[in-house]
Amino acid sequence: MSEEMNVEENEFEKLLNESFKTVHNGEVVEGTVIEVKPDQIILNIGTKADGILTRNEYSNDNSLDLTTVVKPGDKMEVKVMKMNDSEGTVLLTYKRLVAEKGNKKLEEAFENDEVLKAKVVRVLNGGLSVNVEGARVFIPASLVSDTYERDLNKYMDQEIEFKVIEFNPRRRRIIGDRKQLVVAQKKAAQKALFERIHVGDIVEGTVKNITDFGAFIDLGGADGLLHISEMSWGRVDNPRSIVSVGDKIKVLIKDIKGDRIALSLKFEDQNPWITAPERYAAGTIVTGKVARMTDFGAFVELEPGIDALLHVSQISREHVNKPSDVLQTGQEITAKIVDFNADERKISLSMKALELDKEAEEKDQEEEGSDAE
C-alpha cells in the first residue's frame, strides 16, 4: 500500500514539475503580480520559483513606493535577469526591458532621421537628459537652442523635440540635437513672415529687447527695429519711457531691406502736421518750450511732433550773440508765428515781433491820450 502511495506521489510530483516552464537568463516573460511591498514585487511567471522584482530593477527612483504603481492580479512583462536556484527565486528586471525597447526606438529614429518628443528628466551642468521609454538621451547645452542658454532649469519636466545624432548604446553614448529643429523652425517662420508682410502694413509684435537707440520687436519669425526716432511724432529721450520688454504693440512696417525690417509708431493719421495749418497760421501767438539750441537759433517744441525755429535775430530787439546767452533748454517762451510753410513743414517764430507789437500798442495808446487832451 505504501509503495503504491509513493508511486502516486512521485507521479504527481513529476506531473507538477512538468507543469512548470523553464526560463533562461535574458528571456522576456509575462507574469502575474502575487504580492506587492514598497520595495519589492513578487510575480508568478509560470516557473517553480516565484519571480522577484526589486525597486532598483523597476525604476531609477529609489524613493518610489511600488504599492502605488501595481497591485495583485496585474499582468507585467519582465525580463529574467538571474536564476537563483539556491534560494528558489528568479530575479527579474522591468526597467532594463523598458530601456531596451526605448533603445530600439532610438536606434530606429537615428537611422530614419526621425523627430522625437520626450520629457526632460534631469538638468545637468553640460546639458539635458531626456527619457524615451526608459532609455536616456543626452542633449548637450550647445545643442539645446540656437542661442546661448544661461539657465537650462526652465526645461525641467518639459517635453521637447529633438533628433538622435549619435547612437552608441554600448558606450552609453546616445546624443540628441534640438538646435537644428529650432533653426529650421525659425527659418520656416521667417520665410512665412516675409511672404506675408509688405511696406505700409500694420502688424502686431512683442517687444523683445530695448537699447539706447530703439527696441527690437518680435514679429513672429523675425525681429524688426523700432528706432528711437520712430517711436513718436514727438521727441523721445529714452526708449524705455515708451515701451517695455514683453509689451504687445502694433507697429507700421516702414521699410524692408533684405532680412532687415524697419518699424515705426508714427502712424500717418496721427501726424500733427495734418491739422497744423489750422493752429499755426502766420500771426498766431503761441507758447512752447525750448527743445535745443544752435548758434543760429533755438528750436521750440510747440507740441509733440511740431518744432518751430526762433532765429537768433528774432529773440530780442537788442543784439543777441547766441541763443544760450538769454535762453535755456526747457524754458517756456511766448512768440509770434511770422511764417508757416506747410510743404516744407517749417514754422518761424519771433519774440522780437511781440516786443515791436507791444511798443506800437503803447505808442497808439499815448497818441490816443494826447488827442483826448
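Scanning the stretch 179-200 for residues that are open to solvent by less than 50 Å² (accessible area, probe 1.4 Å) and either farther than 18 Å from Ile160 by Cβ or part of a loop (DSSP other than H, G, I, E, B) (or both) turns up Ala192, Leu193, Ile197, Gly200. Report yes if some residue within the stretch 216-223 is free of Cβ contacts under 8 Å to residues at least 24 places away in the same chain, under 30 Å from Glu268 (Cα atoms), assigned to a helix (DSSP H, G or I) and open to solvent by 50 Å² or more (accessible area, probe 1.4 Å); otherwise report no. No: the stretch 216-223 contains no residue that is free of Cβ contacts under 8 Å to residues at least 24 places away in the same chain, under 30 Å from Glu268 (Cα atoms), assigned to a helix (DSSP H, G or I) and open to solvent by 50 Å² or more (accessible area, probe 1.4 Å).
Just for the stretch 241-256: of the residues that are of a type in the set (A, V, I, L, M, F, W, C) and closer than 15 Å to Ile210 by Cβ, which one is surrounded by the most Cβ atoms within 10 Å (Cβ to Cβ)? Write out each step before concluding.
Here is the first cut: in the stretch 241-256, the residues of a type in the set (A, V, I, L, M, F, W, C) are 242-243, 245, 249, 251-253, 256.
Imposing the further condition that a residue be closer than 15 Å to Ile210 by Cβ reduces the set to 242-243, 245, 249, 251.
Working: Ile242: 19, Val243: 17, Val245: 12, Ile249: 17, Val251: 24.
Of everything passing the filter in the stretch 241-256, Val251 is surrounded by the most Cβ atoms within 10 Å (Cβ to Cβ).
Out of all the residues in the stretch 122-129, is one or more among the basic types (Lys, Arg) and more than 25 Å from the chain's Cα centre (by Cα)? No: the stretch 122-129 contains no residue that is among the basic types (Lys, Arg) and more than 25 Å from the chain's Cα centre (by Cα). Just one of the listed residues (Ile160, Ile165, Ile139) is outside any loop (DSSP other than H, G, I, E, B), over 30 Å from Asp259 (Cα atoms) and open to solvent by less than 30 Å² (accessible area, probe 1.4 Å), and it is Ile139. Scanning the stretch 313-328 finds no residues that are part of a strand (DSSP E or B), among the acidic types (Asp, Glu) and open to solvent by 70 Å² or more (accessible area, probe 1.4 Å).
Within the stretch 114-136, the set of residues being closer than 21 Å to Val98 by Cβ and part of a loop (DSSP other than H, G, I, E, B) comprises Glu114, Glu133, Gly134.
Scanning the stretch 159-181 for residues that are over 17 Å from Ala135 (Cα atoms) and not basic (Lys, Arg) gives Gln180, Leu181.
Of all residues in the stretch 45-70, which are under 24 Å from Val23 (Cα atoms), part of a loop (DSSP other than H, G, I, E, B) and open to solvent by 60 Å² or more (accessible area, probe 1.4 Å)? If the condition is that a residue be under 24 Å from Val23 (Cα atoms), part of a loop (DSSP other than H, G, I, E, B) and open to solvent by 60 Å² or more (accessible area, probe 1.4 Å), then Lys48 is the only one that fits. Can you confirm whether Leu354 is open to solvent by less than 60 Å² (accessible area, probe 1.4 Å) and part of a helix (DSSP H, G or I)? Yes: the conditions hold for Leu354.
So which residues in the stretch 40-68 are among the charged types (D, E, K, R) and within 19 Å of Leu97 (Cβ to Cβ), if there are any at all? Full working, then the answer.
Within the stretch 40-68, the first condition is being among the charged types (D, E, K, R), and the residues that meet it are 48, 50, 55, 57, 61, 65.
Within the stretch 40-68, Asp50, Arg55, Glu57, Asp61 meet the criteria.
Tallying residues that are over 17 Å from Lys257 (Cβ atoms), within 19 Å of the chain's Cα centre (by Cα) and not basic (Lys, Arg) within the stretch 204-217 yields 8.
The values are calculated or read from the model by the stated rules, or taken from the named source; none is laboratory data. Keep in mind that this is a model prediction, so the values were computed, not measured. Neighbour counts run over all protein chains shown; Cβ positions are idealised from the backbone, glycine included. All accessible areas refer to the heavy atoms of the entire protein, side chains included, with ligands and DNA or RNA removed. Shrake-Rupley method; radii C 1.70, N 1.55, O 1.52, S 1.80 Å.
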